[in-house]
Amino acid sequence: MMSTAYTYKPWYEERWKDDWVPEEVAVDCYATFACRHKFCREVCPVYQETGNETHSSYAFHVALLAVARKYAKLHELGDTFTYCLQCGACQLRCPTTLFTGDFYKITNEHNVLVTKTRKELIDLGFKFKGADAMIDNLTKVVNDTDAGRLPVAEWAKDLNLPETGDVILFVDYFMATQMTNILRLVATVLKKAEVKFGIVKDPKPVFTYELDHLGEKGIAYAKHNMEALKKAGAKKVIVPDPHVFVSLTKEYPRLLKEDPPFDVVYVSDFVAELIKDGKLKPEKSVKKKVSYHDSCMLNKVSGIWESPREILKCIPGIEFVDEDHVSQWYYCCGNGASEVRSFKTLHEDLSYRIGLKRLRRALDLGVTTLAVTCPHCNEQFSEVKVKANLNIEILDIFEILADSLGLR
Amino acid sequence: MKYITDYRKVDGYVIERLAKIVGDANVLTLPHERFIRAASAAPFPLHRWEDHAPDVVVLPGSTEEVAEVLKLANELRIPVVPRAAGTGLADGAVPLRKGIVVDIKRMKNILEIDEENMCVTVQTGINNNTLNLELNKRGYWWPFDPASYPCSVIGGNMGTSAWSLIGGVSGHIRDLVRSFVHVLPTGKVIRVGEGGGRKISKSSTGYTLKYLFFGHQGTLGITTEATLEMFPKPEVEFPAFFGYRSFMDAWKNALKMAKSGLRTMATHIIFDEWKVEALRRDDEAYIPLPEHIKSVIATCFYGTEAEVKGASERIFEIAAKDGGIYLGEELSEGDWASRHDRYHIAYHGRHIDGQVGTYSWHCEDAAVNYSAIPYVRERWHALVAEYKQKYDIFDDMGGFYYNNNPFKQWGDYLSEIDVFIDEYHLTEELWQKWVELKRKIAEVVLEVGGSISACHGGTRPGDVELVVEKELDPGVYEIMQMIKRNLDPNNIMNPGKYMLDSAYGG
């Protein structure tokens, strides 16, 4: 399931200059220019709002090709590379990924390229608009983590969970401290199914694609988490946060250059199996008309979209109105891949409009509830709906499932 | 030559005036913002990128803003190049004299859906797919299906006179626009239809000027709003692909399909031996065909269930007459569903030694009559083989021959040879070799009485000289010059295209 071959690009570690990028970057960027279909542009939630094609994967690649050819300098890119949610739609819609992914082991790695470019700009001293805010947001969590100010194990203190086991439920600070209620429901559901599982009590932040901005500190965090999971004896790691899932399955292997020695399973995949095996029986009727929002990190980056739907479909009383996962490549909640709200901080209005559009599409389907399985989508939609005064309920699938199992 | 060189430079004053019209945020001057809007989708002289980068890009939001930009450019004499999706294959959006690029993609609203008169009015920056997502919700269908369907926009489709893969049931862009709002090079705004009437699709009043604004490649202004046909969503889409033992078997069979009289048949497309081989070689999405299959005909039907059921029975009978075997539901549906995505993949070209490289794509789109197809096909592949052998920056990705004529299935075919080109390693010498090859490919078409371009336009190096000097009747080109000079007195709209500097003594 995990493969470093897909995400590793040999150019990643080389340092760039204001007027120079490595030849391998130029060749990669040319592949996008050579294509010129621009499907990446149309699927981009940011471009759909701004109508400015500078805000597209095509443009990012071509801009760097222009740098390689000495027509532009890196510092002249300004804040262009902040107009990206790193939602993964473009790299998935890319004909290169679609048609040469399996064949030649070549995929488009737009998300990695964006982080790399931002990092090079900062390291070269070209602080684009918003760079400080992004780094500040990260630094705050780092400082709180290092000072032990984040109560990352509090959520489980009365649940009696061991620190070792074949199965480990793993989250980082975000869900542990900001979506505690959902996390506790996940644990409760697993217990109900009599799954024996442990947790890691001192996880470090994963920061998804932004981990790289921390340099050595980021690598240390990644190593810490991997060591903790190994030490716990994990054979299977269950993850209830798609951003953490991407870190464990894509970013850690890329940065640490090793595949994890355990299976990483998204919680909805795991729980859908439990239901199939009859270990969980959702029997209480939940009368709601529900659609499901695909988390970008799950649907677009990890290819997981079936299990959340399977769970919703087996809950009695639910009228499930689906919007297929491919249509949802075009959507994003507006938060993007960042754990620390980087896009929202930099482009507050744009982020809001993207979220609002998504909620309106759900309302078009005539549903009362939009189900999510990502704490970041949950947070974003909850804010957008209040700001826009929309009459729609945002629920995690575990809230709905817990109700049906009689656990709330 | 004063009309060619005598343009005002884009300086601070011009930028300021533009910003007053469209707002600061919609005037783009950074190098990368300009360079990403230099090329469209056809092979591009990357070694001379700078020659085609505009001086400034503006993103207007309305007809009024477009009109003001053109008035300013006309007043100050600055070249203007309209840019839609940038997916065109005839360089329409490629600036030849720098100047201002007017990127219309911010103008993407649906203005009205008229369910009684079955038409939809849009700003021309909306893309085909987005429009359909909205219409499909209400049970309607925008039946325009170019290869660039997921990304191209209405304005660009009109400006290039683009063409639909399913034209047999629903026509092409010319047939699907009832009327439109157009900004002339002087900034004057006009509404153009068949006659008068925004939502009228037939009229014999006045001169029929509507078609003048299809395929002008931005030389006659910028279309900002269009009222389009809206179809009821068909009950059934039925693709059926057939395999043949030889190209000639498929070609013979195609004529029987053409004469079948099946009104629900949207298209029939012949894949030649080179195309089947290329797909077999390295397109993983293509379900492998038995080795004895050397050629394919793809058909697709749209209509009510009863109509399509009847037609499907008939097409199976027709295919069998020349040994065509049905390639199955999985291949037919899968291949049809991926028709917009697969025509060019950057990593599918091969060097002579068999190694994969990154290649850009040339797509020939000549209109060739049925009877001339076998000859054209052989000549084309021989030409590409010769250049590939000599220069090793080309690859032959095979040929398609589409009959999607508007509302009929016979006559001329859009004949396509796909040539892959490694632009990354281009030099001026190799670029000139490409232009030479391009010209030879086009000459074959003129030799058999065809047209160099069915739907992209004849504005590229290698094509344009032949279009102007050989394909078009001299009297017709003279009328083009007269129209250009009268509508665009200062030669600001996409100057240089169709060699129309000649209209000004250039």
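Among helices (runs of 4 or more DSSP H) entirely within segment A:285-371, having at least 2 residues that are assigned by TED's automatic domain parsing to the domain that holds A:Phe381, among the polar types (S, T, N, Q) and touching a Gly at 6+ places or on another chain (Cβ under 8 Å) singles out A:342-346. Checked against (1) at pLDDT 90 or above; (2) more than 23 Å from the chain's Cα centre (by Cα); (3) small (Gly, Ala, Ser); (4) not in a helix (DSSP H, G or I), B:Ala367 passes all but condition (2).
Within segment B:184-198, one or more residues are buried (at least 23 other Cβ atoms within 10 Å of the Cβ) and outside the structural domain of B:Ala67 (by TED's automatic domain parsing).
What number of residues within segment A:285-339 satisfy the criterion of being under 16 Å from A:Thr369 (Cα atoms), under 15 Å from the mean Cα position of the chain (by Cα) and in contact (Cβ under 8 Å) with a residue 60 or more places away in the chain?
Number satisfying all stated conditions: 2.
Return yes or no: is B:Lys390 within 17 Å of B:Met248 (Cα to Cα) and surrounded by fewer than 16 Cβ atoms within 10 Å (Cβ to Cβ)?
no
Report whether or not B:Ala320 is closer than 19 Å to B:Trp251 by Cα and crowded, with 19+ Cβ neighbours inside 10 Å.
no
Looking only at residues in segment B:85-122 that are buried (at least 24 other Cβ atoms within 10 Å of the Cβ) and touching a Pro at 6+ places or on another chain (Cβ under 6 Å), the one that is nearest to B:Ser201 (Cα to Cα) is B:Val102. The numbered conditions (1) closer than 23 Å to A:Arg254 by Cβ; (2) surrounded by fewer than 23 Cβ atoms within 10 Å (Cβ to Cβ) are all true for A:Asn108 except (2). Considering segment A:56-71, and only residues there that are surrounded by fewer than 24 Cβ atoms within 10 Å (Cβ to Cβ) and more than 7 Å from every other protein chain (Cβ to nearest Cβ), the residue that is nearest to A:Ile354 (Cα to Cα) turns out to be A:Ala68.
Selection within segment A:78-98: residues that are within 18 Å of A:Arg41 (Cα to Cα) and facing another protein chain (nearest Cβ under 8 Å). The member of this set that is surrounded by the fewest Cβ atoms within 10 Å (Cβ to Cβ) is A:Leu98.
Taking the criterion of being under 16 Å from B:Trp434 (Cα atoms), of a type outside the set (Asp, Glu) and touching a strand residue (DSSP E or B) at 6+ places or on another chain (Cβ under 8 Å), the residues of segment B:352-387 that qualify are B:Tyr359, B:Ser360, B:Trp361, B:His362, B:Cys363, B:Trp380, B:His381, B:Val384, B:Ala385, B:Tyr387. Taken over segment B:339-367, the criterion of being buried (at least 23 other Cβ atoms within 10 Å of the Cβ), hydrophobic (A, V, I, L, M, F, W, C) and more than 9 Å from chain A (Cβ to nearest Cβ) is satisfied by B:Ala366 alone.
Go through the residues of segment B:286-296 one by one and say whether even a single one is more than 25 Å from the chain's Cα centre (by Cα), farther than 18 Å from B:Ile417 by Cβ and within 14 Å of chain A (Cβ to nearest Cβ). Yes; the residues of segment B:286-296 include at least one that is more than 25 Å from the chain's Cα centre (by Cα), farther than 18 Å from B:Ile417 by Cβ and within 14 Å of chain A (Cβ to nearest Cβ). Under 7 Å between Cβ atoms, at least 6 apart or on separate chains: pull out the pairs that start in segment B:301-326 with a residue that is closer than 26 Å to B:Pro143 by Cβ and end on any residue that is of a type in the set (Ser, Thr, Tyr) and assigned to a helix (DSSP H, G or I). Short answer, once both residue conditions are applied: B:Phe301/B:Ser312. Scan segment B:42-65 and tell me whether some residue there is within 20 Å of A:Arg41 (Cα to Cα) and touching a Cys at 6+ places or on another chain (Cβ under 9 Å). Among the residues of segment B:42-65, at least one is within 20 Å of A:Arg41 (Cα to Cα) and touching a Cys at 6+ places or on another chain (Cβ under 9 Å), which makes the answer yes. If A:Gly51 satisfies every condition in (1) farther than 30 Å from A:Phe245 by Cβ; (2) modelled with pLDDT of 95 or more; (3) more than 7 Å from every other protein chain (Cβ to nearest Cβ) but one, which is the exception? Single failed check for A:Gly51: (3). Residue by residue through segment B:118-153, note down the ones that are away from chain A (no Cβ under 14 Å) and within 14 Å of the chain's Cα centre (by Cα). Once the filter is applied, which keeps residues that are away from chain A (no Cβ under 14 Å) and within 14 Å of the chain's Cα centre (by Cα), segment B:118-153 yields B:Phe144, B:Asp145. Just one of the listed residues (A:Leu359, A:Leu407, A:Leu401) is modelled with pLDDT of 95 or more and touching a Ser or Thr at 6+ places or on another chain (Cβ under 9 Å), namely A:Leu407. No other residue among A:Arg408, A:Arg341, A:Arg358, A:Arg353 is basic (Lys, Arg) and within 29 Å of A:Val142 (Cβ to Cβ) apart from A:Arg341.
Every condition in (1) surrounded by 22 or more Cβ atoms within 10 Å (Cβ to Cβ); (2) in contact with a helix residue (DSSP H, G or I) (Cβ under 9 Å, 6 or more places away or on another chain) holds for B:Gly449 except the one numbered (1). Scanning segment B:81-101 for residues that are more than 13 Å from chain A (Cβ to nearest Cβ), of a type in the set (A, V, I, L, M) and closer than 18 Å to B:Pro31 by Cα yields a total of 3. In this structure, does B:Met257 turn out to be outside any loop (DSSP other than H, G, I, E, B) and touching a strand residue (DSSP E or B) at 6+ places or on another chain (Cβ under 6 Å)? Against the criterion (outside any loop (DSSP other than H, G, I, E, B) and touching a strand residue (DSSP E or B) at 6+ places or on another chain (Cβ under 6 Å)), B:Met257 qualifies. In the set B:Ala226, B:Ala147, B:Ala162, only one residue is at pLDDT below 95 and either under 23 Å from B:Phe407 (Cα atoms) or out of contact with any strand residue (DSSP E or B) (no Cβ under 9 Å at 6 or more places or on another chain) (or both); that residue is B:Ala147.
I need the full set of residues from segment A:22-48 which are out of contact with any Cys (no Cβ under 8 Å at 6 or more places or on another chain), more than 8 Å from chain B (Cβ to nearest Cβ) and not in a helix (DSSP H, G or I), in order please. If the condition is that a residue be out of contact with any Cys (no Cβ under 8 Å at 6 or more places or on another chain), more than 8 Å from chain B (Cβ to nearest Cβ) and not in a helix (DSSP H, G or I), then A:Pro22 is the only one that fits. In this structure, B:Ala162 does not qualify as within 18 Å of B:Glu225 (Cβ to Cβ), aliphatic (A, V, I, L, M) and within 11 Å of chain A (Cβ to nearest Cβ).
Note on segment A:204-249: residues that are among the polar types (S, T, N, Q) and over 21 Å from A:Cys296 (Cβ atoms) total 1. Every listed requirement among (1) more than 14 Å from chain A (Cβ to nearest Cβ); (2) assigned to a strand (DSSP E or B) is met by B:Tyr375 save one, (2). Taking segment B:15-131 and the strands (runs of 3 or more DSSP E) fully enclosed by it, no element has 2 or more residues that are at pLDDT 95 or above and among the aromatic types (Phe, Trp, Tyr).
Which residues, taken from segment A:72-85, are touching a His at 6+ places or on another chain (Cβ under 8 Å) and not aliphatic (A, V, I, L, M)?
Initial filter on segment A:72-85 (touching a His at 6+ places or on another chain (Cβ under 8 Å)): A:72, A:76-77, A:80, A:82-84.
Those that are touching a His at 6+ places or on another chain (Cβ under 8 Å) and not aliphatic (A, V, I, L, M): A:Glu76, A:Thr80, A:Thr82, A:Tyr83, A:Cys84.
The values are calculated or read from the model by the stated rules, or taken from the named source; none is laboratory data. Everything numeric here is computed off the predicted structure, so don't read it as measured data. Positions of Cβ are backbone-derived with ideal geometry, glycine not excepted, and every protein chain shown enters the neighbour counts.
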